[in-house]
């Protein structure tokens, strides 16, 4: 992946070297939060990722704050930012994230106006362990995520270490795929797809609502493929093997793969992001066509009609 000569985004904040505590530390979030944290601490890497997915879909379906579900305050108490005791933050990591973010911005500000859609950039926060968000306190155990309330992507870079060592998803474009997926969630917010899905809560059966939310995740994979298509076309961004790195990553973090390895069987009703095959297929659909309208079929609507 040719990223070193790309523009760095200014919409990025580096909070590494500080950490956030609510009322001096974690606040219990009830029995469910305690159970989740206990399972997380004892679980393997794949079990942890499965739990992360479960937390994210639970908060999405029930409009709960994922932070409070994991056992951290979502507000109502004081919060304190303190210096961490770790090593100084490596500036090369911020440069890497800023250039990937800048490349995403350059691509989407070019694509969306072609569909008469106004673009606005998201923000990105790089942090270590915990940090505050518009919805409470983010914890690195949640993995990278996009917060619609403040249109910000939150990411602890150590996630990529686990992606490589525990899941075998290696290569810089595997990381770029994850970031493009999160940027994709911001594009969904601009397209009003996020609100469209949220508004179905209570109007359709819970199982159908869960399926719709999985489609939102597959659509983010599709959008990451759109990004790859246009980044290659405009900047000659990709190198040999990059698309395979994205495919390997999608394979490693598909719901069926994670469930099978974590619990020995598959439960489609508990899917949060789609199967490995689905994730690969929708990324490749976006990559091959580069046409935003090719994703309409996931929701049986035109973005322009929302």
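Flag not set for residue 205, criterion: within 18 Å of residue 231 (Cα to Cα), without any contact (Cβ under 8 Å) to a residue 12 or more places away in the chain and surrounded by fewer than 20 Cβ atoms within 10 Å (Cβ to Cβ).
Taking the stretch 221-242 as the range and being over 15 Å from residue 288 (Cα atoms) and assigned to a helix (DSSP H, G or I) as the test, only 235 passes. Of all residues in the stretch 215-243, those satisfying the criterion of being touching a residue at least 12 places away in the same chain (Cβ under 8 Å) and either surrounded by fewer than 17 Cβ atoms within 10 Å (Cβ to Cβ) or in contact with a strand residue (DSSP E or B) (Cβ under 7 Å, 6 or more places away or on another chain) (or both) are 233, 234, 235, 236, 239, 241. Scanning the stretch 138-160 for residues that are out of contact with any helix residue (DSSP H, G or I) (no Cβ under 8 Å at 6 or more places or on another chain), touching a residue at least 12 places away in the same chain (Cβ under 8 Å), closer than 28 Å to residue 15 by Cβ and part of a helix (DSSP H, G or I) turns up nothing. Can you find a residue in the stretch 168-175 that is in contact with a strand residue (DSSP E or B) (Cβ under 7 Å, 6 or more places away or on another chain), in a helix (DSSP H, G or I) and either under 18 Å from residue 152 (Cα atoms) or in contact (Cβ under 8 Å) with a residue 12 or more places away in the chain (or both)? Within the stretch 168-175, not a single residue is in contact with a strand residue (DSSP E or B) (Cβ under 7 Å, 6 or more places away or on another chain), in a helix (DSSP H, G or I) and either under 18 Å from residue 152 (Cα atoms) or in contact (Cβ under 8 Å) with a residue 12 or more places away in the chain (or both).
All told, residue 212 meets the bar of being touching a strand residue (DSSP E or B) at 6+ places or on another chain (Cβ under 9 Å) and in contact (Cβ under 8 Å) with a residue 12 or more places away in the chain. Condition check: over 14 Å from residue 246 (Cβ atoms) and crowded, with 21+ Cβ neighbours inside 10 Å. Does residue 190 satisfy that? Considered against the rule, which asks whether it is over 14 Å from residue 246 (Cβ atoms) and crowded, with 21+ Cβ neighbours inside 10 Å, residue 190 comes out as no. For the stretch 269-280, the count of residues that are at pLDDT 90 or above, surrounded by fewer than 17 Cβ atoms within 10 Å (Cβ to Cβ) and under 30 Å from residue 200 (Cα atoms) is nonzero.
Does residue 301 satisfy the criteria of being over 22 Å from the mean Cα position of the chain (by Cα), farther than 21 Å from residue 107 by Cα and without any contact (Cβ under 8 Å) to a residue 60 or more places away in the chain?
Judged against the criteria, residue 301 is not a match.
The values are calculated or read from the model by the stated rules, or taken from the named source; none is laboratory data. Just so we're clear, the structure is a prediction, and the values are computed from it rather than from any experiment. So basically every Cβ, Gly included, is an ideal-geometry build from the backbone, and we count neighbours across all protein chains shown.
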